[in-house]
Amino acid sequence: MFIIGLTGCISTGKSTVARYLKQLEIPVIDMDLIAREVVEPGTLGLQKLVSEFGEEILMDEGTLNRAALGELIFDNEVARQALNNILHPLIFQTAEAKRENYRKQGKPLIVMDIPLLYETSDLKGFDEVWVVYVPEEIQLQRLMKRDSLNEQEAKARIASQMSIEEKKMIADVVIDNSGSIEATQEQVRQQLKRYIH
């Protein structure tokens, strides 16, 4: 089974590419989705977070209050590390189980959709890394528009991640998403021809 790591930066269009891969019936393991699943009510993940950070990270109905948790870890490296130490193993165990399930089904190709792949992952688990790219100026404009941010706020969000130009340099495959959706989809189809005949 061939494993592609799919990544990008905020507002470069990784979700657009992931959605298209799903339309083509390519299995996509979405690490953001798993990160939400492992902290749903009744999960070990949520129990561990509450014992680490206290009941104030819960909403009235018992779900995780992401804003409250975000406040606690913002500018607090120790708290952020504690959060990562709790969640990362649970996320990767769940992803590994999904991957194993696809392997048993005989899928020839799967995609792991990981926003911070270069920042957080061991690249040994991937046969290839795809980076969804747009130039930084387009990234800035799209982020301002998408999240209704001013330029300063958008630049701060972009600066909190490894730059898209750096990711482009070390990618195995670059999907340039600065044109039309059709142009992006065509690049994806061309790449997939290498594995799916």
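The values are calculated or read from the model by the stated rules, or taken from the named source; none is laboratory data. Note that the coordinates shown come from a computational prediction; the quantities given were computed from them, not determined experimentally. As a convention, Cβ positions derive from the backbone with ideal geometry for all residues, glycine included, and neighbour counts pool all protein chains shown. Surface accessibility is based on the protein's heavy atoms, side chains included, excluding ligands, DNA and RNA. Shrake-Rupley method; radii C 1.70, N 1.55, O 1.52, S 1.80 Å.
The modelled label-to-label distance for the pair L116/Q141, using points 7 Å beyond Cα in the direction of Cβ, is 2.9 nm. The C-alpha atoms of the chain define a longest principal axis, and helix 14-23 lies at about 70 degrees to it. Accessible area per residue for the chain, computed on protein heavy atoms with a 1.4 Å probe, is 56 Å². Subtracting the Cα-Cα distance of D176 and K22 from 0.36 nm times their residue separation leaves 53.6 nm of extension gain. Taking only Cα atoms, what is the 0 to 90° angle, nearest 10, from helix 44-53's long axis to the longest principal axis of the chain? Here the helix axis deviates by roughly 50 degrees. A cut-off of 5 Å between modelled amide H atoms, ignoring neighbours fewer than 5 places along the same chain, links M112 with I4, G5, L6, I29.
Give me the percent of the accessible area of region 31-106 that comes from carbon and sulfur atoms, probe 1.4 Å, all protein chains in place. Accessible surface attributable to carbon and sulfur in region 31-106 totals 51 percent. Net length available on complete extension from E37 to Q152 is 38.2 nm, with 0.36 nm assigned per residue and the Cα-Cα distance removed. Basic side chains Lys and Arg get +1 at the Cβ, acidic Asp and Glu get -1 at the Cβ, and with that the dipole of region 31-106 about its Cα centre reaches some 580 debye. Helix 181-192 and the longest principal axis of the Cα set of the chain meet at an angle near 80°.
Between M162 and R80, the simple label model (points 7 Å from Cα in the Cβ direction) yields a spacing of 1.5 nm.
Taking amide H as placed 1.01 Å from N in the peptide plane, I175 has its amide H under 5 Å from the amide H of V131, V132, Y133, each at least 5 places away in sequence or on another chain.
Backbone N atoms of region 78-99 closer than 17 Å to the 7 Å Cα→Cβ label point of S51 belong to residues 82-91. Between D60 and F92, the modelled labels are 4.0 nm apart [label points 7 Å from Cα along Cα→Cβ].
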